[in-house]
Structure formats: C-alpha cells, structure tokens
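Below is one structure, written out as structure tokens; comments come after it.
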Amino acid sequence: MAMPLIQAHKVNILRERQRVSLETILRDFPMLQMVGGGAVEPLPVVAGDAVKPITNEAPIIVPSSPAPVKAPVAKPPAPSKSDIVPRIVVGPISAADQAMLDTFLGLKQRNKFYEGEARNEWNAFRAFVGGRAMKDCTRVDGRAYATYLSKKGLKSATVTKRINYLSAPIAHDPTFTDTRPNPFDRAVVVVVDDAKEILPFTDDDMTLVRDQMLPKLGPNEKLLWLMCATMGLRHSEAFAIEREHSHKGIRFVKLGQKTKDSKRDLPLPDCLLPFLPVRIHGPLFTGSCKNVSKNLLRALRRVGITDSQKNVYSLRHRAHARLRRVRCPEDLQRMIVGHTLGHKHVRKDVHDRYGQGECLVDLTKPFVDQIGF
C-alpha cells in the first residue's frame, strides 16, 4: 500500500533537487518505476541533453551517457634494497693493505673458504669506513665495526671470527705494528656465551627422514646427508673429498682442513658404499656447499623437524652420541670426529706426538660402521 507513495516521494525529491523530467529520472533510475498501476503525468522533454525548465530558472543539463570510468592507477614498484640502503662504493684496496693480506694468507696453506671469507671481510670493513686504508683506521673504528656486527644479530663467536680475519694479517705485519696499534686489538669488548646448543637427532627423527625426506632429495643433498650421518663429517669436509685410499683392504678418505687436529684418516662405512662411486677420483658434488646445506635444512623443516636446535649439523652430534653408546674409546672418538686431543689450553708433550702418522682405520672402522643412518 505504501510503496506507490514512497516512490512518488522519492521522485518529488529528485525533481526539486535536479529539476529534470520524470522521464529522465525513470530512464536513469529504473528502480523507481511506479508499482501498483500508479501513473505520473510526464513532463515535456527538450531534445538533446537540455531539459525544459519547470520554472523561469536556467535549464539544467543532464548527462545522456554514463560518466567514464577511471582506469585503475598502477601502484609504484616497491623500492629495492639498494634504494633503501645505498651501497657504498669504495675504490681499490691500497697496495700496502693488499700486500699485507696476501702475505698473511700465503704463510701457510689454507682452504679456499678461509681465504674467500677473509677477503670478503676486508672489503666489508673498507666499505664500513668509507674506503680508508688500514693505516688510517684506529681502535675506535675497530670497535665500531665490532658493535655494528653485533647489532646485526650475529653471535659473539661469529663476530670474533670476523674480527680475527681483519686483525690477524695486521698482527703478522711488523712494519704496521711497530709504528701504530692494531685497530682491532680488543675490538670485541664483551664476549657473551650466546651460542645455540645443537641437539642430536633422535631415532624417531632419523626414521622420519628415511621414510619421508630421503626419497625426495636431489643427488647432492642425499649424498651429503648420508655422508654426514654415517661418518659425522662437517659439511665442508664432505665437499673437500676428491679421492680415496686403501689400507688393509679398507677404503678410507683423508680429511681435515679446519684445524691441525681435524686431519685424520676416516674409513668409509659399509652402509655408505652403495651410494658412492666404485672408486672416488674427483669431486663428489656438483653444487656449492652453502646451497646444498640450505636445501637440506629446508627439507628437514618440510617433513616436520622444526626445532631450531636441530639442523643438519645435528648429524655430527648424533654420530658422537652413537660412538659413546657403543663404548668407543675416547681417543678413537676424537680421531673419528676430528676433535682436539686433550684440553685446548693443555700443552702437548712428546707422548702426544708419537704415532700420529700411523693409519688406524682398521681400529676405527668397526665403530664407524655402527653409526649408521
């Protein structure tokens, strides 16, 4: 009953506001069509867009076509990291600094990882101080850089290691230290024991990996997992293997680039042999150690091992735990995993050096075979 009155009231409001004909209103607003048979007397319409005025007021122009739709405005691209933090471009390293670094790296044979990290650290520090040479830097610069690394969230051990890349070449250069102090002397003022404890994998973890992760891994990732699991290797040690040896019919590899005590002969376990070449005579991996390790960690997280204290290095901890469980003698345990013999602050005597060159893979192999995966 009330619908015709409501519709007529709406029409009157529009007529008063816009001074347009009823025909135009009904054309542009079809929802206002009269219902219940009601009729409204139409007003005369002038041809075109101009509507005949109802009073003596000026005519009102009503658009005969809908207003054009504005095209969506594209959002500006997000600024790149280089736009947010401008990269500091520095000139070439000074001849004196280059000679000092090259001399230190040439004092003894080092692995390619150490040399690469050392050179990268020198470049990073030069960028931090605006390209200045080491002779123009002070302890204020060294401590500021150590603080900068700490604020990036790096662990104290990592900060100390990176500062040592800078400090060691200077300390070995008498021409530098005789005339000025080492900028990195006591740069790390506070050393916090903030290293994260790594937990070994449990038997349930290893079962989960065997059933759900190993079948889906690529060849590089699978081989690295198996070698670290069955031999307790460091990642870099597995990538450094390029040949094998034999002693009393036992296949073994020579390892050790991290420290002097990490050098050792390690037998290849029987459970690993089906995944190795008949004879190792070249690199076992085609990808980089860093990328393969990252892929393994992602695979671990995908199968549900999300504990932050468990990562691929947990395999090395598990190997050590397995050796203890099978009552492997402590000296053989250290020989297998490549740990320091005795406390690091205890000076070795003649007894510790005797017999170090003898190949003992026939003694360690029975215990290595019990690590498994």
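Can you pull out every residue in the stretch 235-257 that is more than 16 Å from D270 (Cα to Cα), part of a loop (DSSP other than H, G, I, E, B), open to solvent by 20 Å² or more (accessible area, probe 1.4 Å) and at pLDDT 90 or above?
Passing the criteria: only E242.
Could you look through the stretch 111-131, keep only residues that are of a type in the set (D, E, K, R) and without any contact (Cβ under 8 Å) to a residue 12 or more places away in the chain, and pick out the one that is least open to solvent (accessible area, probe 1.4 Å)? Let's see the steps before the verdict.
Taking the stretch 111-131 first, the residues of a type in the set (D, E, K, R) are 112, 115, 117, 119, 121, 126.
With the extra rule that they be without any contact (Cβ under 8 Å) to a residue 12 or more places away in the chain, the set shrinks to 112, 115.
Details: K112: 157, E115: 71 Å².
Restricting to residues being of a type in the set (D, E, K, R) and without any contact (Cβ under 8 Å) to a residue 12 or more places away in the chain, the top hit is E115.
Show the residue pairs meeting these rules: Cβ distance below 6 Å; 6+ apart or different chains; first residue within the stretch 240-257 and over 17 Å from M335 (Cα atoms); second residue assigned to a loop (DSSP other than H, G, I, E, B) and open to solvent by less than 70 Å² (accessible area, probe 1.4 Å).
I241/L284; E242/G282; R243/I280; E244/I280
Is there a residue in the stretch 146-159 that is open to solvent by 90 Å² or more (accessible area, probe 1.4 Å) and at pLDDT 90 or above? Reasoning before the result, please.
In the first step, residues of the stretch 146-159 are kept if they are open to solvent by 90 Å² or more (accessible area, probe 1.4 Å); the result is 148, 151-152.
Pick out the ones that are also at pLDDT 90 or above and you get 148.
The answer is yes; a qualifying residue exists.
Restricting to the stretch 198-230, and then to whatever is over 21 Å from the mean Cα position of the chain (by Cα) and among the charged types (D, E, K, R), can you tell me which residue is least open to solvent (accessible area, probe 1.4 Å)?
D205
The values are calculated or read from the model by the stated rules, or taken from the named source; none is laboratory data. Predicted model only: the values in this text are computed from it and were never measured. In this analysis, Cβ positions are derived from the backbone assuming ideal geometry, glycine residues included, and neighbour counts consider all displayed protein chains. The area values use the complete protein model at the heavy-atom level, side chains included, leaving out ligands, DNA and RNA. Shrake-Rupley method; radii C 1.70, N 1.55, O 1.52, S 1.80 Å.
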